[in-house]
1. Where Lys and Arg each count +1 and Asp and Glu each count -1, what net charge lies around GLY194 among other residues with Cβ under 14 Å from its Cβ?
2. Compute the projected area of the convex hull of the Cα atoms of the range 69-224, averaged over all viewing directions, and report it in nm² to one decimal place.
3. Take the Cβ-Cβ distance between GLU77 and ASP209 as r, set R0 to 35 Å, and report the resulting FRET efficiency rounded to the nearest 0.05.
4. Sum up the charges of everything whose Cβ sits under 9 Å from the Cβ of ILE147, counting Lys and Arg as +1 and Asp and Glu as -1, but leave ILE147 out.
5. Run the simple label-point estimate for LYS68 and VAL155 please: 7 Å along Cα→C-beta, distance reported in nm.
6. So, in nm, how far is label GLU132 from label LEU188 when the simple model puts each one 7 Å beyond its Cα toward the Cβ?
7. What FRET efficiency comes out for ASP166 versus ALA117 if R0 is 30 angstrom and r is the Cβ-Cβ distance? Round to the nearest 0.05.
8. Which net charge results for the neighbourhood of PRO75, defined as the other residues with beta-carbon distances under 13 angstrom from its beta-carbon, given Lys and Arg at +1 and Asp and Glu at -1?
Amino acid sequence: MNRRTKFATSTRARSSVFALLTVAALGLTACGGDAEGEPGSSASPATSAVASEAATPTPTPSATPEYKPASADGPAENVPLPDMPSEAKLKSQQGLEAFIPYWFETLSYAYETGDLAPLQKSTGPDCLICGEFTKSVVEGNANNRWIVGGRLDVVEIEDRFIETIDGDYAPIVFLTQQPLDYYESGELLGTAKGFSEPLLWVATIEYADGQWKMLDFERPKDAS
């Protein structure tokens, strides 16, 4: 019997930590007389060490750059890199269910930043629809262009951890996507509709060399 895993649709937490520590080094040299008033005596090493430690301020981390989503005013800033869950590396039902949302996180990240590297690391070279997404990302972020929206969220995965005749896996995935607005130098070029109601897609995913890869995903012809 197939099992369904539901995912809460929510905006991913965005934070990016760049800690810059500034240390001010202060040297202290204590000079004075000895017990009998003779010049040239210096403070003991232990005293100097305590004084130096007390005088050195505690490093203070700088403010964390704030994530700023793309808008009509400009492209997104400080977009955090998607973090692959450790479970997504396992060849198991749990691993497959962890990998799928992560892969769509990398696609959403590409829309926001134009950076395709994380997506390509988890995608097979012959993924046709992935090539279409790549073209959209490249054109939408070229020159002075940027994309607003386009985020994809996995709402539900229908359990199908069964190998196909080709040795792949073909889980059913229900997705939503935000609309996309394309801007160039502050001017709206066009809009692509998203879908707020979850749509059914069939993914083709393989596990090879210790990792999952998206080979393709498509809408079934008879899907409503």
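Every number in this text was worked out from the coordinates using simple rules, so none of it is lab data. What you are looking at is a predicted structure, and each value in this text was computed from that prediction instead of being measured. Neighbour counts run over all protein chains shown; Cβ positions are idealised from the backbone, glycine included.
1. Working: positive: ARG151, LYS193; negative: ASP153, ASP181, GLU197.
Here the charged neighbours net out to -1.
2. Details: hull surface 37.9 nm².
Orientation-averaged projected area of the Cα hull: 9.5 nm².
3. Numbers: r = 35 Å, r/R0 = 1.00.
Between GLU77 and ASP209 the formula returns 0.50.
4. Details: positive: ARG145; negative: GLU112, ASP181.
Taking every other residue near ILE147 into account, the sum is -1.
5. Using points 7 Å along Cα→Cβ, the separation is 3.3 nm.
6. 2.5 nm
7. On the way: r = 27 Å, r/R0 = 0.91.
Step by step, r from the Cβ atoms, then E = 0.65.
8. Numbers: positive: LYS68, ARG145; negative: ASP73, GLU77, GLU112, ASP115, ASP181, GLU184.
Charge balance near PRO75 sits at -4.
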